[in-house]
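The structure under discussion appears below in the form of structure tokens.
The values are calculated or read from the model by the stated rules, or taken from the named source; none is laboratory data. What you see is a predicted model, and the numbers here were worked out from it, not measured in a lab. In this analysis, Cβ positions are derived from the backbone assuming ideal geometry, glycine residues included, and neighbour counts consider all displayed protein chains. Surface accessibility is based on the protein's heavy atoms, side chains included, excluding ligands, DNA and RNA. Shrake-Rupley method; radii C 1.70, N 1.55, O 1.52, S 1.80 Å.
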Amino acid sequence: MSAAPKRNATPTSRRRFLQDAARAAGACAVAGMALGKLATDARALPAQAIRPPGALPEEDFLAACIRCGLCVRDCPYDTLKLAELGIEGPATGTPYFTARDIPCEMCDDIPCVVACPTGALDHGLTNIDDADMGLAVLIDEEHCLNALGLRCDVCYRVCPVIDKAITLERRHNERSGAHAIFMPIVHSDHCTGCGKCEKSCVLPGEAAIKVLPRRVAMAEAADHYKLGWEDRNPMVDDIIDLPDRLPGPGTDNLAAPGGYLPDGMPDPSMDGGFTPSFELPGTGGAGQ
Amino acid sequence: MSEKTALPVGQEAIRDKGWWMAHRFLILRRVAQAFFLGLFLLGPWFGIWWVKGNLAGSLTFDVLPLTDPFVLVQGLVAQHWPEMTAIIGALIVGVVYALIGGRVYCSWVCPINPVTDAAHWLHDRLGLAKGWQPKRGTRYWVLGMVLVVSALTGTIAWEFVNPISMLHRGLIFGMGFAWTFVLAVFLFDLVVSRRGWCGHLCPVGAFYGLLGHGSILRVSAVKRSECDDCMDCFAVCPEMHVITPALRGADEDTPIILSPDCSNCGRCVDVCAPDVFKFTTRFDTTPAPARAVRRNKQRQPEASRAA
Ligand code: SF4
Ligand code: SF4
Ligand code: SF4
Ligand code: SF4
Ligand code: SF4
């Protein structure tokens, strides 16, 4: 019975088949676009949802994480949660944590990464100090107690990478004129984004120091910028070079070996003397 | 049409075989569904961590990894090469379902099945029209669409909407508004399309169906000559088109239901009073003569009890 339509495939039935196929393809295209929109929207990870240690960059993460929650189960501090639909921002079912609630305690054996069956949490991460969950930022200098000139220091004290990830920098207190301000300064090359500082900030409600994703928290230096006090060589390859000028009148290197006298003749006193082997047009002689 | 079709579905079977024999696979199936869900809930509810994770990926007794192969395939087309653990887990799951029937997942494990079964029960109770019935191959189109979207967006696309994981993960890890997806499926099956979700659209079912294409475990209409045309099997089967070729086949046609759409739910075995159906393997060659009678009669339209 079921084979009957195949046996007598008339032009009509073939046309109907093609119509059905076209309709199905059209419906799938519409549904597919809706699904694609959902999938691309999901990449907009909210700034305060922090992925677990070793998480791949967001666009790779959504291809890798199967939302099994094994990382959540193996976190001894109940740091991680799976996002719930319509309640938290990350893609539904993907793991994240909120630093102000429960930060990552930076376990030495990184059980969350070990538990991940897919590598959405990169198994290449074996030293938790290399983790890069985000970057702490002292976001509210108007309320941070240290920035106001008091000695709170709590965020600094709790940092698992104290004195590397976060330091206290002594500044003059302009307001009192007589005291120091110990500014908490976070250093991006050591901060793991664990969120211990944010969790511990003594202010009620929001913390003055917050972990943000690096894509939000960090600017990027242009390729040719140099910090002169770190690198004495002012040259930047391919962009800034020493001027290509011939020695001669009007330049500042007349006294240099092989330089010229004001009348344009080579300095005879110069050891070895020097005669340019070419002439520049229109000067009647060498030099410019 | 036989006058027996007037009896409520399964009445005859209950009368002839007793209530238990007329419901055993239904009951076993509910027990299995509760068991598999319960295993996952032991941890979060009672602190007994035999099984961690959810249907997408899990770890049992800290040694046995299991991964949903469909989720992994989407990850692969989204160009993520997973760690070995996930691959091994998917292979184990894949091999098991390839042997026992891919859609065994649908009827014995999937937590959405009780939802759509409930919708179908209510649908019957209210006597609603069957509504929109998508074409047979629609689920494969949906499956293809999911893979294309996964590839284009570089994400595991179906997991953004999959009502199965919404429900399963929701029960285990916290639901949020994920129940809206479950309610949507229920209402869809109830008022838009009878048996619409599991029977026509769900790409997970389509994937598992393909996976179990050559499965060993099968239902066979081995005593088809004793069929008395009560049509109860068609009425209870969630994929009734799979029954016809086996039950109504000629002598030389196999009585084994070979369609990958059959979910091995065993409901047809339950409701058949003369015990036409039984579970067997695809290699079973027990002779099964076709029905001798009613050759001259007009054949029943296969889905006469459908609405
Ligand atoms: S490193 Fe430890 S505390 Fe941090 S998320 Fe992983 S398991 Fe939890
Ligand atoms: S264990 Fe890995 S795959 Fe599973 S939810 Fe966590 S990150 Fe995702
Ligand atoms: S997030 Fe805060 S506590 Fe953690 S490493 Fe960075 S500065 Fe230290
Ligand atoms: S804990 Fe908060 S208030 Fe105290 S120094 Fe750190 S950021 Fe400022
Ligand atoms: S043929 Fe039988 S076992 Fe297969 S889906 Fe239908 S009722 Fe279930």
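Do we have A:Asn173 as open to solvent by less than 80 Å² (accessible area, probe 1.4 Å), away from ligand 2 (no atom under 16 Å from the Cβ), on the phi < 0 side of the Ramachandran plot and touching a Pro at 6+ places or on another chain (Cβ under 7 Å) here?
Taking the combined requirement at face value, the residue does not satisfy it.
Of the numbered conditions (1) open to solvent by 50 Å² or more (accessible area, probe 1.4 Å); (2) away from ligand 1 (no atom under 11 Å from the Cβ); (3) without any contact (Cβ under 8 Å) to a residue 60 or more places away in the chain, A:Pro76 satisfies every one except a single condition; which is it?
Every condition holds for A:Pro76 apart from (2).
Looking at this structure, is A:Ala91 under 21 Å from B:Gln79 (Cβ atoms) and either among the basic types (Lys, Arg) or near ligand 2 (Cβ under 10 Å from one of its atoms) (or both)?
When the stated conditions are applied, A:Ala91 does not pass them.
Going through B:Leu147, B:Leu187, B:Leu171, B:Leu152 one at a time, which residue ends up being at the interface with another protein chain (Cβ under 8 Å from one of its Cβ atoms) and open to solvent by 30 Å² or more (accessible area, probe 1.4 Å)? Full working, then the answer.
Numbers: B:Leu147 fails: at the interface with another protein chain (Cβ under 8 Å from one of its Cβ atoms); B:Leu187 fails: at the interface with another protein chain (Cβ under 8 Å from one of its Cβ atoms); B:Leu171 fails: at the interface with another protein chain (Cβ under 8 Å from one of its Cβ atoms).
Only one candidate passes the filter, namely B:Leu152.
Looking only at the stretch A:27-51, which residues are part of a loop (DSSP other than H, G, I, E, B), within 10 Å of another protein chain (Cβ to nearest Cβ) and either of a type in the set (Gly, Ala, Ser) or at positive phi (or both)?
Scanning the stretch A:27-51 gives a single hit, A:Ala42.
For the stretch A:88-115, enumerate the residues that are of a type in the set (A, V, I, L, M, F, W, C), on the phi < 0 side of the Ramachandran plot and open to solvent by 10 Å² or more (accessible area, probe 1.4 Å).
A:Ile102, A:Cys104, A:Cys107, A:Cys112, A:Val114, A:Ala115, listed by residue number.
Residue pairs, Cβ under 8 Å, 6 or more apart or interchain, first in the stretch A:42-66 and free of Cβ contacts under 8 Å to residues at least 12 places away in the same chain, second of a type in the set (S, T, N, Q) and open to solvent by 50 Å² or more (accessible area, probe 1.4 Å). List them.
A:Ala63/B:Gln79
Give the number of residues within the stretch A:52-79 that are assigned to a loop (DSSP other than H, G, I, E, B) and at the interface with chain B (Cβ under 7 Å from one of its Cβ atoms).
Taking the stretch A:52-79 and keeping what is assigned to a loop (DSSP other than H, G, I, E, B), we get A:52-54, A:56-57, A:65-69, A:75-79.
The next check asks that each one be at the interface with chain B (Cβ under 7 Å from one of its Cβ atoms); those that pass are A:66-69.
Summing the residues that are assigned to a loop (DSSP other than H, G, I, E, B) and at the interface with chain B (Cβ under 7 Å from one of its Cβ atoms) in the stretch A:52-79 gives 4.
Yes/no per residue for (1) away from ligand 5 (no atom under 16 Å from the Cβ); (2) open to solvent by less than 10 Å² (accessible area, probe 1.4 Å):
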position	(1), (2)
B:Gly75	yes, yes
B:Thr116	no, yes
B:Trp132	yes, no
B:Trp141	yes, no
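Surrounded by fewer than 24 Cβ atoms within 10 Å (Cβ to Cβ) and within 14 Å of chain A (Cβ to nearest Cβ): which single residue out of B:Leu99, B:Leu128, B:Leu55, B:Leu64 fits that description?
B:Leu64
Here's the yes/no breakdown for (1) at pLDDT 85 or above; (2) surrounded by fewer than 20 Cβ atoms within 10 Å (Cβ to Cβ):
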| site | (1), (2) |
| --- | --- |
| B:Gly212 | yes, no |
| B:Leu217 | yes, yes |
| B:Ala246 | no, no |
| B:Glu252 | no, yes |
| B:Cys265 | yes, no |
| B:Ala303 | no, yes |
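Conditions first: (1) crowded, with 21+ Cβ neighbours inside 10 Å; (2) touching a His at 6+ places or on another chain (Cβ under 9 Å). A:Asp60 passes all but one, so which condition is the exception?
Just one mismatch for A:Asp60, condition (1).
B:Val242: among the β-branched types (Val, Ile, Thr) and either more than 14 Å from chain A (Cβ to nearest Cβ) or within 16 Å of ligand 3 (Cβ to nearest atom) (or both), yes or no?
So B:Val242 does not fit the description; no.
May I ask you to list the residues in the stretch A:116-142 that are surrounded by 15 or more Cβ atoms within 10 Å (Cβ to Cβ), more than 14 Å from ligand 3 (Cβ to nearest atom) and either within 30 Å of A:Arg170 (Cα to Cα) or hydrophobic (A, V, I, L, M, F, W, C) (or both)?
Scanning the stretch A:116-142 gives A:Cys116, A:Ala120, A:Leu121, A:Leu125, A:Asp140.
Please work out which one of (1) within 16 Å of ligand 4 (Cβ to nearest atom); (2) at pLDDT 90 or above; (3) touching a Gly at 6+ places or on another chain (Cβ under 6 Å) is the condition A:Val113 fails and give its number.
(1) is the only condition that A:Val113 fails.
Of all residues in the stretch B:170-190, count the ones that are touching a strand residue (DSSP E or B) at 6+ places or on another chain (Cβ under 8 Å) and at pLDDT 90 or above.
Here the count works out to 2.
When you go through (1) more than 7 Å from chain B (Cβ to nearest Cβ); (2) assigned to a helix (DSSP H, G or I); (3) modelled with pLDDT under 90 one by one for A:Gly89, which number turns out not to apply?
The number of the failed condition is (2).
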